[in-house]
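Below you'll find the structure, written out as structure tokens, and then a few comments.
The values are calculated or read from the model by the stated rules, or taken from the named source; none is laboratory data. Since we're looking at a predicted model, the values are computed, not measured. When we count neighbours, we look across all protein chains shown, and the Cβ atoms used for this are built from the backbone with ideal geometry, even at glycine.
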């Protein structure tokens with residue numbers, strides 16, 4: 001799929017717009033400890049967590065995955081808003097995108113209620129036509145269902161005029177599955193780099209993405 005001028009940007013959340021990994025790591029390690037499994041380092045959590053809880057916990061915890069889920073959510077409830085930090089340049093990217101007249105949404109594998117609480121805590125909710133998280137659609141990324149919900153809220157059809165901006169190979173797969181443009185931000189180091197993630201566009205960080213958005217105004 002070739003790049004074209006966007007009419008809408010859909011963003012992943014964790015490690016694309018925010019750093020919330022310490023809270024995720026703490027909650028995951030609480031669940032692992034409750035079931036006698038070794039803790040993961042923060043680096044391991046960053047490198048290994050990709051899929052939603054309902055897709056990944058059955059593999060991690062087997063038949064006890066629902067009990068592990070409850071431990072995870074209990075820990076996350078207590079701490080997640082204390083561990084959400086905007087990535088450098090992310091707030092400016094959102095401001096600039098809206099100034100360009102682009103419609104914005106989020107599709108994340110973070111559970112929807114936590115995603116929306118974090119956006120509200122940052123004062124970002126008004127930027128987005130939709131904040132779609134895990135559990136909000138019948139399946140989670142890389143299934144196209146959550147993207148379809150976001151596109152319906154945006155009032156746009158799938159195609160290269162919709163950019164899905166994310167930081168992982170799974171995000172790029174989700175974009176392709178939904179028929180939108182896969183746009184990588186960052187180096188995707190944990191996934192083998194951009195050459196493995198196969199984006200249509202690649203930006204090293206928010207400053208590079210902002211430079212591209214600035215050209216939308218000048219073109």
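Residue 77 meets each of the listed conditions (1) part of a strand (DSSP E or B); (2) under 22 Å from residue 57 (Cα atoms) apart from (1).
Considering each of 93, 111 in turn, give the residue that is at pLDDT below 95 and crowded, with 19+ Cβ neighbours inside 10 Å. Step by step, each of 93, 111 is checked, and only 111 is at pLDDT below 95 and crowded, with 19+ Cβ neighbours inside 10 Å. When region 91-112 is filtered for residues that are in contact with a strand residue (DSSP E or B) (Cβ under 9 Å, 6 or more places away or on another chain) and assigned to a helix (DSSP H, G or I), the ones remaining, listed by number, are 93, 94, 97, 98, 112. Which of the residues that make up region 59-79 are surrounded by 13 or more Cβ atoms within 10 Å (Cβ to Cβ), modelled with pLDDT under 90 and farther than 13 Å from residue 30 by Cα? Matches in region 59-79: 60 only. Reported count of residues in region 113-133, each being over 18 Å from residue 83 (Cβ atoms) and part of a helix (DSSP H, G or I), is 3.
Residue-wise test of (1) under 11 Å from the mean Cα position of the chain (by Cα); (2) surrounded by fewer than 19 Cβ atoms within 10 Å (Cβ to Cβ); (3) closer than 24 Å to residue 117 by Cβ.
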residue	(1), (2), (3)
4	no, yes, no
8	no, no, yes
14	yes, no, yes
37	no, yes, no
52	yes, no, yes
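The set of residues from region 80-90 being in a helix (DSSP H, G or I) and buried (at least 18 other Cβ atoms within 10 Å of the Cβ) comprises 80, 83, 90. Residues in region 55-77 that are within 20 Å of residue 137 (Cβ to Cβ), more than 16 Å from the chain's Cα centre (by Cα) and touching a residue at least 40 places away in the same chain (Cβ under 8 Å): 73 only. Residues that are under 19 Å from residue 140 (Cα atoms) and part of a loop (DSSP other than H, G, I, E, B) within region 38-54 comprise 49, 50, 51, 52, listed in sequence order.
Residue-wise test of (1) under 20 Å from residue 46 (Cβ atoms); (2) surrounded by 17 or more Cβ atoms within 10 Å (Cβ to Cβ); (3) without any contact (Cβ under 8 Å) to a residue 24 or more places away in the chain.
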| position | (1), (2), (3) |
| --- | --- |
| 133 | yes, yes, no |
| 137 | no, yes, yes |
| 140 | yes, yes, no |
| 168 | yes, yes, no |
| 174 | yes, yes, no |
| 180 | no, yes, no |
| 187 | yes, no, yes |
| 190 | yes, yes, no |
